[in-house]
Amino acid sequence: MTLETRKWVTVLERLGYECFLVAGELEEPTRRTRCIEEAAFTHPEVADIQRQCFGHATRTRKLSKRIDESLVRIKDAIYRCQDKLKPDLWIAENCLTIPMHVPLGLALTEFLAETGLPCIAHHHDFHWERERFTCSAVSDYLHAAFPPKLPSVKHVVINSLAEDELSYRLGISSTLIPNVMNFERRPPRPSRRARTFRRDIGVGEDDWLILQPTRVVPRKQIEHAVELVKRLDDPRAQLVITHSTGDEGDEYAKHVKNFARMLGVPVKFVHQQMRPEWPESPARGRKKFYEIADAYACADLVTYPSGYEGFGNAFLEAIYYRRPIVCNRYSIYQTDIEPKGFQAVTMDGFVRDDTVRDARRAIEDAPYRREMVERNYRLGRQFFSYSVLKARLRALLTEFAGVHR
């Protein structure tokens, strides 16, 4: 279950709903879960289909047939889940948004069209927001299902620009529900495990742990974090990157490593020491690993130089764990976050002199840092808390006859 799905489940259960999970991979099967193996991105047949869908302008008749056959198998499995679990409402978490699994999106769209069952399509990343989906052999499928325009489907987006684009491109109205954190519950004190994090990754107690808590993909623009550490010009500064490359290959990670080596900046890639996020991650045996909360607890500064984000979970996490953050003013930050009054060390596409100066102050000036992080936490609670999610979900669910309470 993804991070955002967990948040929605928590809030929906607080509202009195019983939640079931249908997925391609499950951490631990229960009576309220059902696994459809072919719904997984990593399924061999799906992975091969996806490779042929993008980067080409046309597709073969054989590929169309394979997509249709996969669609039918997945749709049959969805019908079995409906018969067994009998949910009153479906929530599609990004699977009707970004075409990471074309047969799944088509199967779910057909299922909803045939049954008329109500659905909330929770959108995070549209295909027009990702360069790798620009050249497509399946544009007809994208128009049909990513996202679908059905009377029983209500659309939820996580930022105002996506709300505007969805309306402009497809004439679809949507509800804006931002990503949230549980600001009503203050983060716990650093655990005993967190106290060994620095030692185990080779960062000294007196060093500056500068945390990049994201995947290593091009849109994160991690080379700016590397440059910032270089320009801080202090041997105590250590850049720590917590996540792996994900599904976008290793070329960018190689670039970051080479760039850091060229500038003489110490960078630690520690994803193998972090708790695996996905059930398909290889078993770690008895090896000790850390939570992302442990990394935040040890950080002196968080870097977030992304060029594009659907919202900005790492920004919210830094606010939640009360850590100063260096943030590029990407478009959603400018429209949906900055106007709320958050205080961050900012940059506009490149590291400026004042970025370096303010970052150093955020590390060294304790009263300044304390005032910054406490102000940000209060604003996070006001605008991006579970209470906000609860209110907006309650309003949305009342629009479905027979589903609201």
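The values are calculated or read from the model by the stated rules, or taken from the named source; none is laboratory data. Predicted, not measured: the structure shown is a model, and the values here were computed from it. Positions of Cβ are backbone-derived with ideal geometry, glycine not excepted, and every protein chain shown enters the neighbour counts.
Below is a table of values for the structure above.
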{"item": "Filter result for V351 (within 22 Å of N313 (Cβ to Cβ), modelled with pLDDT of 95 or more and surrounded by 13 or more Cβ atoms within 10 Å (Cβ to Cβ))", "result": "no"}
{"item": "Residue that is nearest to L232 (Cα to Cα) [pool: residues in the stretch 257-272 that are in a helix (DSSP H, G or I) and at pLDDT below 95]", "result": "H271"}
{"item": "Residues being under 30 Å from S152 (Cα atoms) and among the acidic types (D, E) - total across the stretch 163-208", "result": "3"}
{"item": "Tally, over the stretch 103-162, of residues that are more than 24 Å from the chain's Cα centre (by Cα), of a type in the set (A, V, I, L, M) and within 19 Å of V46 (Cα to Cα)", "result": "3"}
{"item": "From A344, A318, residue being surrounded by 22 or more Cβ atoms within 10 Å (Cβ to Cβ), closer than 21 Å to L3 by Cβ, at pLDDT 95 or above and of a type in the set (G, A, S)", "result": "A318"}
{"item": "Elements of type strands (runs of 3 or more DSSP E) contained in the stretch 143-246, each with 2 or more residues being among the hydroxyl-bearing types (S, T, Y)", "result": "174-176"}
{"item": "Whichever residue in the stretch 154-164 is in contact with a strand residue (DSSP E or B) (Cβ under 7 Å, 6 or more places away or on another chain) and without any contact (Cβ under 8 Å) to a residue 60 or more places away in the chain and, among such residues, is surrounded by the fewest Cβ atoms within 10 Å (Cβ to Cβ)", "result": "E163"}
{"item": "Subset of the stretch 1-60 [surrounded by fewer than 16 Cβ atoms within 10 Å (Cβ to Cβ) and of a type in the set (K, R)]", "result": "R6, R14, R31, R32, R51"}
{"item": "Boolean, I292 is assigned by TED's automatic domain parsing to the domain that holds R236, out of contact with any Leu (no Cβ under 6 Å at 6 or more places or on another chain) and surrounded by 20 or more Cβ atoms within 10 Å (Cβ to Cβ)", "result": "no"}
{"item": "Single residue of P188, P178, P148 found to be surrounded by fewer than 21 Cβ atoms within 10 Å (Cβ to Cβ) and modelled with pLDDT of 95 or more", "result": "P178"}
{"item": "Yes/no for V351 being β-branched (V, I, T), touching a residue at least 12 places away in the same chain (Cβ under 8 Å) and touching a strand residue (DSSP E or B) at 6+ places or on another chain (Cβ under 9 Å)", "result": "yes"}
{"item": "Yes/no for A391 being crowded, with 20+ Cβ neighbours inside 10 Å, at pLDDT 95 or above, within 22 Å of F183 (Cβ to Cβ) and of a type in the set (G, A, S)", "result": "no"}
{"item": "Unmet criterion (only one of (1) free of Cβ contacts under 8 Å to residues at least 12 places away in the same chain; (2) more than 18 Å from V229 (Cβ to Cβ)) for D336", "result": "(1)"}
{"item": "Output for the stretch 220-248, where each listed residue is charged (D, E, K, R) and crowded, with 17+ Cβ neighbours inside 10 Å", "result": "K220, E223, E227, K230, R231"}
{"item": "Residue in the stretch 220-236 that is modelled with pLDDT under 95 and either touching a Gly at 6+ places or on another chain (Cβ under 7 Å) or within 23 Å of G312 (Cβ to Cβ) (or both) present", "result": "no"}
{"item": "Check on S167, outside the structural domain of R357 (by TED's automatic domain parsing), in contact with a His (Cβ under 8 Å, 6 or more places away or on another chain) and surrounded by fewer than 22 Cβ atoms within 10 Å (Cβ to Cβ)", "result": "no"}
{"item": "Selected residue (criterion: surrounded by the fewest Cβ atoms within 10 Å (Cβ to Cβ)) from residues of the stretch 114-134 that are closer than 24 Å to T398 by Cβ and among the hydrophobic types (A, V, I, L, M, F, W, C)", "result": "L117"}
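Conditions (1) over 30 Å from A391 (Cα atoms); (2) modelled with pLDDT of 95 or more; (3) of a type outside the set (D, E, K, R), marked per residue:
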position	(1), (2), (3)
W8	no, yes, yes
L12	no, yes, yes
R34	no, yes, no
E37	yes, yes, no
Q52	yes, yes, yes
L63	yes, yes, yes
V72	yes, yes, yes
